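The values are calculated or read from the model by the stated rules, or taken from the named source; none is laboratory data. A quick note: this is a predicted structure, and the numbers were derived from the prediction, not measured. Cβ atoms come from the backbone with ideal geometry, glycine included; neighbour counts cover every protein chain shown. When the accessible area is computed, the model is the full protein with side chains, heavy atoms only, and any ligands, DNA or RNA have been set aside. Shrake-Rupley method; radii C 1.70, N 1.55, O 1.52, S 1.80 Å.
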Amino acid sequence: MFRHQGKSRTLKHNLRLASILSFVSGIVNVTGFLEFKQLTTNVTGHFALFMNDVSNFEFWKGTVYFLYIFSFLFGSFSSSFLIEKLKENKKLNVFVLPTLIECLILSSIAIISNTGELKYPDLIVCLLLFAMGHQNSFVTKISNAVVRTTHLTGLFTDLGIELSQLFFPEYHPHREKIKATIKLRMYIICFFFLGGIIGGFLYSRLDLRLNTLILGVVILVISLFYDDMRYKLIATKRKYKQRKMAHHSH
């Protein structure tokens, strides 16, 4: 799901990717909100609050929201920059490093939270937004801008448009393609919701607090290893078949 790019990507790859990463986003979203009372997977609300403070001439107060917005932007920039830079190495899976950076940030926040009281909560919010900007960028690049997993506003807009198109087959004849896209968006919404419920349960009921983020890290790491292990298994099977065919030909 991470390895296939361009024309080799199928709906199946995007469904797997969407399920995993939207689930992680749901966990981060609810954990960040319960801990800091701030949105940590998108910047729409922060931009509104920033504009409100600026309109009231409270520029210093609005600075923190500007930092939140910039963190998400910088996360997206750094992820895309890394991918473009690593493209030169054809043997390397360019999406591994951005995913590992996200894992490092989430696990570091969880570990730091166990050492005592968090002295700089705004910095942690910035790090979470950076990680989500990072994720949103690389998932957009992997899926050719088909999948976005950190916020739902655009998803519900697109879903509404596509559902309406089903009622006008004369204008939108490619119904199977529309249905496939609707299915993808439903997967993202459902797994984001599921991630939020499980994240909320772990945070509140089991009192894991920021340690809830570790679940997201575990899921990301497993998905990376699964991808590479499956690829190696397929490659080994192909080599074995080729050797067998070569042996029989002799």
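Below is a table of values for the structure above.
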{"quantity": "Distance (nanometres) between label positions extended 7 Å along Cα→Cβ at LYS239 and LEU206", "calculated": "3.9"}
{"quantity": "Segment VAL96-ASN114, extension gain: residue separation times 0.36 nm, minus the distance between their alpha carbons", "calculated": "3.7 nm"}
{"quantity": "Trypsin sites (Lys or Arg not before Pro) restricted to DSSP loop in the range 44-107 with at most 11 other C-beta within 10 Å", "calculated": "LYS87, LYS90, LYS91"}
{"quantity": "Assigned charges on the beta-carbon of Lys, Arg, Asp, Glu; the chain dipole about Cα centre (debye)", "calculated": "1860"}
{"quantity": "Residues of type lysines that LYS141 reaches as a straight line, Cα spacing below 26 Å, ignoring anything fewer than 8 places off in the same chain", "calculated": "LYS7, LYS12, LYS85, LYS87, LYS90, LYS91, LYS177, LYS179, LYS183, LYS232"}
{"quantity": "Highest-first arrangement of 24-31, 105-112, where packing means the average Cβ count within 10 Å", "calculated": "24-31, 105-112"}
{"quantity": "Average accessible surface area per residue within the range 151-250, 1.4 Å rolling probe, Å²", "calculated": "73"}
{"quantity": "Top positive-direction residue, dipole computed over the chain with Cβ charges, set CYS103, GLY160, ALA180", "calculated": "ALA180"}
{"quantity": "Per-pair calculated FRET efficiency, R0 = 30 Å: ILE197 and GLU58 via Cβ, rounded to 0.05", "calculated": "0.25"}
{"quantity": "Per-pair calculated FRET efficiency, R0 = 22 Å: LEU34 and PHE156 via Cβ, rounded to 0.05", "calculated": "0.45"}
{"quantity": "Rounded to the nearest 10 Å², the accessible area of LEU127 at probe 1.4 Å", "calculated": "60"}
{"quantity": "Using a Förster distance of 41 Å, the FRET efficiency for GLU88-ALA180 (Cβ separation, nearest 0.05)", "calculated": "0.80"}
